[in-house]
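The structure that follows is given in the form of structure tokens.
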Amino acid sequence: MKLLFIGDIVGQPGRNAVKTLLPGLRERHGLDFVIANGENSAGGNGITPRIAGEIFSAGVDVITTGDHLWDQKEVMELLANEKRFLRPLNYPPGTPGQGSAIFEVQRPKSKGQSPISIAVLNAQGRTFMPPLENPFLLALDEVKRLRQQTKILFVDFHAEATSEKIAFARMLDGQVSAVVGTHTHVQTADEQIFPGGTAYLTDAGFTGPHESVLGREIEPVLKRFLTGMPQRFEVAKDRVLLHGAVVEIDDASGKALTILRVSEPV
Ligand SMILES: [Fe+2]
Ligand SMILES: [Fe+2]
């Protein structure tokens, strides 16, 4: 099967990019499944049920998140009710929502065949990030549990430090189909398949306006660095790109066959 992972959708420009570009990408790559990180989809901060609905309607099957999860209070509704919505696994026990889920994919190319199961897992790093439970220990257990149901597993590891991301993915090599990083909003050029068959990319980048600082207007960010005073960081407008990666996975073994970075202008 072939899936597209879309890096952090930033604000309305990012949502528009998904709406505009996804049909073409689906056609060109023969996509069976689409996952997107939506932590910045509501004006750059968090996500609401209405905006999640917009992203699902654009053709996204599952939304993952990260440290901006809590920025909009309406997210509680998504955490309580939406099966296609994931938050990082390693919040303390008792936190609403889920860090992983299994989905059935009916491949359009193979009509008549039974659907394929794919597990999606979302975890968050701890280096230069808010303190959470240890994602390494929790992911090992969770992957073991999910693998009893399917060998096709996709992981969005939302983390800052490249070392933590690579170590996390190396730990899971051979046990998951792909680990793709998010959070830095800067797409890395290190896509590869590890010896055990796990596809890896340190960061998918972000989907939104790239004439910016990580999706925000340049001037207020500069002012903040120059003065140290808090500023409102509005979402920028220009040079909108969809960033992500297409991963091709062998249905029988769950191993990755190819990984391709995507950077597509609107
Ligand atoms: Fe983000
Ligand atoms: Fe983040």
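The values are calculated or read from the model by the stated rules, or taken from the named source; none is laboratory data. Quick caveat: nothing in here was measured; it's all calculated off a predicted structure. Ideal geometry is used to build each Cβ from the backbone, glycine not excepted, and the neighbour counts take in all protein chains shown. Remember, those area values only see protein heavy atoms, side chains included, never the ligands or the DNA or RNA. Shrake-Rupley method; radii C 1.70, N 1.55, O 1.52, S 1.80 Å.
Got a sec? Which of 7, 43, 30, 66 is open to solvent by 10 Å² or more (accessible area, probe 1.4 Å) and either more than 16 Å from ligand 2 (Cβ to nearest atom) or in contact with a Ser or Thr (Cβ under 9 Å, 6 or more places away or on another chain) (or both)? Give the derivation first.
Working: 7 fails: open to solvent by 10 Å² or more (accessible area, probe 1.4 Å); 43 fails: either more than 16 Å from ligand 2 (Cβ to nearest atom) or in contact with a Ser or Thr (Cβ under 9 Å, 6 or more places away or on another chain) (or both); 66 fails: open to solvent by 10 Å² or more (accessible area, probe 1.4 Å).
That would be 30, the only listed residue that is open to solvent by 10 Å² or more (accessible area, probe 1.4 Å) and either more than 16 Å from ligand 2 (Cβ to nearest atom) or in contact with a Ser or Thr (Cβ under 9 Å, 6 or more places away or on another chain) (or both).
Could you check how many residues of region 167-216 are closer than 14 Å to residue 7 by Cα, without any contact (Cβ under 8 Å) to a residue 40 or more places away in the chain and of a type in the set (S, T, N, Q)?
2
Same structure, new question: Restricting to region 118-138, and then to whatever is touching a residue at least 12 places away in the same chain (Cβ under 8 Å) and among the aliphatic types (A, V, I, L, M), can you tell me which residue is nearest to residue 68 (Cα to Cα)? Working first, answer last.
Applying the first criterion (touching a residue at least 12 places away in the same chain (Cβ under 8 Å)) to region 118-138 yields 118-130, 132-136, 138.
Next, from what is left, pick out any that are among the aliphatic types (A, V, I, L, M): 118-121, 123, 129, 132, 138.
Details: 118: 25, 119: 23, 120: 19, 121: 17, 123: 13, 129: 11, 132: 14, 138: 21 Å.
Going through the qualifying residues, I end up with 129.
Sort through 181, 197, 205 and tell me the only one that's farther than 20 Å from residue 119 by Cβ, touching a Lys or Arg at 6+ places or on another chain (Cβ under 9 Å) and not in a helix (DSSP H, G or I).
On the way: 181 fails: farther than 20 Å from residue 119 by Cβ; 197 fails: farther than 20 Å from residue 119 by Cβ.
Just one listed residue meets the conditions, 205.
Continuing with the same structure: For region 113-129, which residues satisfy the criterion of being over 23 Å from residue 28 (Cα atoms), exposed (fewer than 11 other Cβ atoms within 10 Å of the Cβ) and of a type outside the set (Ser, Thr, Tyr)?
128 - this is the single residue of region 113-129 that is over 23 Å from residue 28 (Cα atoms), exposed (fewer than 11 other Cβ atoms within 10 Å of the Cβ) and of a type outside the set (Ser, Thr, Tyr).
Which one is farthest from residue 105 (Cα to Cα), of the residues in region 61-84 that are within 16 Å of ligand 1 (Cβ to nearest atom) and touching a residue at least 40 places away in the same chain (Cβ under 8 Å)? Outline the logic, then answer.
In the first step, residues of region 61-84 are kept if they are within 16 Å of ligand 1 (Cβ to nearest atom); the result is 63-72, 75.
Now drop any that are not touching a residue at least 40 places away in the same chain (Cβ under 8 Å), which leaves 64-67.
Values: 64: 17, 65: 21, 66: 25, 67: 28 Å.
The residue in question is 67.
Now a separate question. Quick one: residue 87 ticks every box in (1) modelled with pLDDT of 95 or more; (2) more than 23 Å from residue 245 (Cα to Cα); (3) among the basic types (Lys, Arg) except a single one, so which number is it?
(2)
Here is a follow-up. Going by the conditions given, is residue 221 within 16 Å of ligand 2 (Cβ to nearest atom) and at pLDDT 95 or above?
Working: within 16 Å of ligand 2 (Cβ to nearest atom): yes; at pLDDT 95 or above: yes.
Here the answer is yes, as residue 221 does meet what is asked.
Additional query: Output yes when any residue across region 136-156 is within 16 Å of ligand 2 (Cβ to nearest atom), farther than 25 Å from residue 27 by Cα and under 16 Å from the mean Cα position of the chain (by Cα), and no when none is. Give the steps one after another, and end with the answer.
The initial filter retains those residues of region 136-156 that are within 16 Å of ligand 2 (Cβ to nearest atom), namely 155-156.
Now restrict to residues that are farther than 25 Å from residue 27 by Cα: none.
Scanning region 136-156 turns up no residue that is within 16 Å of ligand 2 (Cβ to nearest atom), farther than 25 Å from residue 27 by Cα and under 16 Å from the mean Cα position of the chain (by Cα).
Looking at 93, 130, 115, which one is more than 18 Å from the chain's Cα centre (by Cα) and within 28 Å of residue 18 (Cα to Cα)?
Numbers: 93 fails: within 28 Å of residue 18 (Cα to Cα); 130 fails: within 28 Å of residue 18 (Cα to Cα).
The match here is 115.
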